[in-house]
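Student: Take this structure first; my questions come after.
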Amino acid sequence: MPPDPNIADLAPTAPDLTAYDEQHAVTYMRLLDAEADNADWREVARVVLCIDPSLDPDRARRAFESHLARAKWVARHGS
């Protein structure tokens, strides 16, 4: 599955769904699936977010954590 374009370093934190959320719904689903499969965050960052954690570990970790948190928020609150 090809990655979603234009992955931001940090996911939105707005209290409502954003255009970014709508554009990256597939990314969020992939992140939730990876978490359910207990996938290593580094592999998820590389494959889903297209950020190489060996080249930029801090950026990769922040992007992974913020997007996973947003994915969980959207799954609970988004509609």
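The values are calculated or read from the model by the stated rules, or taken from the named source; none is laboratory data. What you see is a predicted model, and the numbers here were worked out from it, not measured in a lab. FYI the Cβ positions are ideal-geometry reconstructions off the backbone, even for glycines, and counts take in every protein chain you see. Note: accessible area is taken over every heavy atom of the protein model, side chains too, but ligands, DNA and RNA are not part of it. Shrake-Rupley method; radii C 1.70, N 1.55, O 1.52, S 1.80 Å.
Student: Which one of the conditions (1) at pLDDT 95 or above; (2) assigned to a helix (DSSP H, G or I); (3) open to solvent by 30 Å² or more (accessible area, probe 1.4 Å) does Ala60 fail to meet, given that it meets all the rest?
Tutor: Unmet for Ala60, out of (1) at pLDDT 95 or above; (2) assigned to a helix (DSSP H, G or I); (3) open to solvent by 30 Å² or more (accessible area, probe 1.4 Å): (3).
Student: Count, please, the residues in the stretch 27-61 that happen to be of a type in the set (A, V, I, L, M) and under 13 Å from Lys72 (Cα atoms).
Tutor: Within the stretch 27-61, residues that are of a type in the set (A, V, I, L, M) and under 13 Å from Lys72 (Cα atoms) number 5.
Student: Can you go through Thr18, Thr27 and tell me which one is of a type in the set (S, T, N, Q) and in contact (Cβ under 8 Å) with a residue 40 or more places away in the chain?
Tutor: Thr27
Student: Another question, if that's okay. Please go through the stretch 68-78 and give me each residue that is part of a loop (DSSP other than H, G, I, E, B) and without any contact (Cβ under 8 Å) to a residue 60 or more places away in the chain, ordered by number.
Tutor: None - no residue of the stretch 68-78 is part of a loop (DSSP other than H, G, I, E, B) and without any contact (Cβ under 8 Å) to a residue 60 or more places away in the chain, so the list stays empty.
Student: Does Leu10 satisfy the condition of being outside any helix (DSSP H, G or I), out of contact with any helix residue (DSSP H, G or I) (no Cβ under 7 Å at 6 or more places or on another chain) and either open to solvent by less than 50 Å² (accessible area, probe 1.4 Å) or among the aliphatic types (A, V, I, L, M) (or both)?
Tutor: No.
Student: List every residue pair whose Cβ atoms lie under 6 Å apart, where the two residues are 6 or more positions apart in sequence or sit on different chains, the first residue falls within the stretch 31-49 and is on the phi < 0 side of the Ramachandran plot, and the second residue, located anywhere, is open to solvent by 40 Å² or more (accessible area, probe 1.4 Å) and not hydroxyl-bearing (Ser, Thr, Tyr).
Tutor: Arg46/Asp52; Val48/Arg30
Student: From Glu35, Glu65, Glu22, Glu43, which residue is in a helix (DSSP H, G or I), modelled with pLDDT under 95 and open to solvent by 60 Å² or more (accessible area, probe 1.4 Å)?
Tutor: Just a single option satisfies the conditions, and that option is Glu22.
Student: Now for a separate question. All but one of (1) open to solvent by 80 Å² or more (accessible area, probe 1.4 Å); (2) under 9 Å from the mean Cα position of the chain (by Cα); (3) aliphatic (A, V, I, L, M) hold for Leu55; state the number of the condition that does not hold.
Tutor: (2)
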